[in-house]
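Structure first, commentary second.
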Amino acid sequence: MLIVHVHVHVKPESIEAFKLATLANARASRQEPGVARFDAVQQADDPTRFVLVEVYRDAASAVAHKETPHYPVWRDAVAPMMAAPRTSVKFSNVFPDDAGW
C-alpha cells in the first residue's frame with residue numbers, strides 16, 4: 001500500500017468550488033482498480049485547509065491515477081483556487097499488515 005496525504009490550502013472564496021471539483025475527482029478516483037480508498041477531509045478549525053487521503057494498492061497505481069482523464073481536469077480546475085501550492089506526504093502501511101504483527 002502507498003498512502004498519500006495531499007495538503008491543500010484554498011482561497012476562502014473558492015471553498016465551495018474546490019469541494020465540488022474535488023468531489024468529482026474523488027468519485028472518479030474510487031473507480032480506479034488501483035485505488036483502495038480516496039477521501040477528502042476539511043479542517044475543522046480552518047475551512048480553507050483540506051487533506052486528500054489517497055490509498056493506492058501499490059506505487060504503480062499512484063502513477064496510473066495521474067494518467068487518468070479526470071486527474072488533469074481536477075488539477076487544472078483547482079490550481080487557481082489555491083492560496084498556496086499543494087504539498088504531499090507519502091506513507092507506507094504499518095498496521096494492519098500482512099506480516100503478522
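The values are calculated or read from the model by the stated rules, or taken from the named source; none is laboratory data. These figures come from a predicted structure and were not determined experimentally. Cβ placement follows ideal geometry from the backbone for every residue including glycine, while neighbour counts extend to all protein chains displayed.
Exactly one condition in (1) touching a residue at least 12 places away in the same chain (Cβ under 8 Å); (2) part of a loop (DSSP other than H, G, I, E, B); (3) more than 16 Å from GLU16 (Cα to Cα) is false for ALA62; which is it? Exception for ALA62: condition (2). Exactly one residue out of GLU13, GLU32, GLU54 is within 13 Å of SER88 (Cβ to Cβ), at pLDDT 95 or above and either outside any strand (DSSP E or B) or of a type in the set (Asp, Glu) (or both), and it is GLU54. When residues in region 28-43 are screened for being in contact with a helix residue (DSSP H, G or I) (Cβ under 8 Å, 6 or more places away or on another chain) and of a type in the set (D, E, K, R), 2 of them pass. Scanning region 30-44 for residues that are free of Cβ contacts under 8 Å to residues at least 12 places away in the same chain and among the basic types (Lys, Arg) yields a single hit, ARG30. Exactly one residue among ARG86, ARG27, ARG75 is touching a residue at least 40 places away in the same chain (Cβ under 8 Å) and basic (Lys, Arg), and that residue is ARG86.
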